[in-house]
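Engineer: Mind looking over this structure? Questions follow.
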């Protein structure tokens, strides 16, 4: 694929990438040629009728980092951050010689540092904020004990011993749309402790409006909440719905977290050209 975007003749080059079960469409828009990105995301991310993906990653020029990454959900909304998306973008940037293996990525949530070693990509996310511990909300007429943290995007965490049978789509939708988190809404993570410094998660993603096979910022959110609640230490292994594991590294002091890293495998699945309207 040549550098930059080729939109002439309504043709658009793209790459398809996957990280721990999350799949993304990547478009190099450093030329700024492609417009109408929300509509494009709705069109391209639709499964069975288009390429299909959990999100559209648009790479642009940046004055403060190697490049800028914008994330659009399948419903056309723009997200502030995507952990697994940033790992895919980093791998793509190295393969296309947009950046060296150690790079910085400009996102709406702040500057993200990334290191690429083969298919293993580690990103340092912005420090978690707005943590709220052990609060109770009525959801679908039942009380639920929850935790909240913003890891670039908002996440609600609920611990459960019956992770396999929980109705993630239904309950996650109720959490996502609860008035407590209006107007932006939130992502919802359901977590089971499975060992020392090891958890399993399932995530309902805002913007996808369904359960996904993995969520990087959700894995980070679940890990740091588990670290405080269950006295776990770094690194924490996160088993995802897609069957792959993520590792979360962090430093913790008096309930505050910093130097948070997300690590796992990423790969470019294929590239192609579509008609751009």
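Bear in mind these aren't lab numbers, they're just calculated from the coordinates by the rules spelled out. The structure presented is a predicted model; accordingly, all values stated were derived computationally and were not measured. Cβ placement follows ideal geometry from the backbone for every residue including glycine, while neighbour counts extend to all protein chains displayed.
Engineer: Using alpha carbon centroids, what distance separates the range 103-126 and the range 52-87, in Å?
Structural biologist: Between the Cα centre of the range 103-126 and that of the range 52-87, the gap is 12 Å.
Engineer: Across every pair of different alpha-carbon atoms, what Kirkwood hydrodynamic radius in Å does the range 129-262 reach?
Structural biologist: Numbers: mean 1/r = 0.0687 Å⁻¹.
Result for the range 129-262, one decimal place: 14.6 Å.
Engineer: To make sure I understand, if each residue's beta carbon is the centre and we count other beta carbons within 10 Å, what order do 232, 275 fall in, fewest to most?
Structural biologist: Lowest count first: 275, 232.
Engineer: Can I ask one more? Stretched out fully, how many nm does the piece from residue 177 to residue 265 gain, at 0.36 nm a residue minus the Cα gap? Display every interim value, and only then the final one.
Structural biologist: Working: separation 88, 0.36 × 88 = 31.68 nm, distance 3.15 nm.
Residue separation times 0.36 nm, minus the Cα-Cα distance, leaves 28.5 nm.
Engineer: At 7 Å along Cα-to-Cβ for each site, give me the label-to-label distance between residue 49 and residue 161 in nm.
Structural biologist: About 4.4 nm separates the two model spin labels.
Engineer: What ranking, highest mean first, results for peptides 241-251, 210-220, 59-69, 11-21 when packing means the other Cβ atoms within 10 Å averaged over each residue?
Structural biologist: Values: 241-251: 18.5, 210-220: 26.0, 59-69: 16.5, 11-21: 21.2.
Output ranking for 241-251, 210-220, 59-69, 11-21: 210-220, 11-21, 241-251, 59-69.
Engineer: Calculate for the chain the 222 nm mean residue ellipticity that helices alone would give, adding -39,500 (n - 2.57) per DSSP H run of length 4 or more and normalising by residue count, nearest 500 deg cm²/dmol. Please list the in-between numbers first.
Structural biologist: Values: 4 runs with 45 residues, N = 277.
Value at 222 nm, helices only: -5000 deg cm²/dmol.
Engineer: If you take the beta carbon distance between residue 37 and residue 102 as r and set R0 to 30 Å, what does 1/(1 + (r/R0)^6) give as a FRET efficiency, to the nearest 0.05?
Structural biologist: Working: r = 28 Å, r/R0 = 0.94.
Efficiency for this residue pair is about 0.60.
Engineer: How much length is gained on full extension from residue 111 to residue 60, taking 0.36 nm per residue of separation minus their Cα-Cα distance?
Structural biologist: Details: separation 51, 0.36 × 51 = 18.36 nm, distance 1.40 nm.
So the extension gain works out to 17.0 nm.
Engineer: Also: For the chain, with a Gaussian network of springs between Cα atoms less than 10 Å apart, report the residue from 177, 187, 150 with the top mean-square fluctuation.
Structural biologist: 177
Engineer: Sketch the reach of a paramagnetic label on residue 120 as a point 7 Å from Cα along Cα-to-Cβ, and name the residues of the range 213-250 whose backbone nitrogen lies under 13 Å away.
Structural biologist: Counting only backbone N, you get 246-248.
Engineer: Roughly what would the spin-label model give for residue 95 and residue 184, points 7 Å off Cα along C-beta, in nm?
Structural biologist: 3.1 nm
Engineer: Calculated from the structure, mean projected area of the Cα convex hull in nm² equals which of (1) 15.5; (2) 14.0; (3) 20.0?
Structural biologist: Recomputing mean projected area of the Cα convex hull in nm² here picks out (2).
Engineer: Bin by bin, in steps of 10 Å, what percent of the Cα pairs in the range 202-275 do you find, going until the bin that has the longest distance?
Structural biologist: Spelled out per bin, shortest first, that is 17, 42, 28, 9, 3, 0.
Engineer: Please report the relative contact order for the chain, taking Cα pairs under 8 Å with a sequence separation of at least 6, and give it as a percent rounded to a whole number. Mind dumping the intermediate values first?
Structural biologist: On the way: 687 pairs, mean separation 55.2, N = 277.
Answer for the chain is 20 percent.
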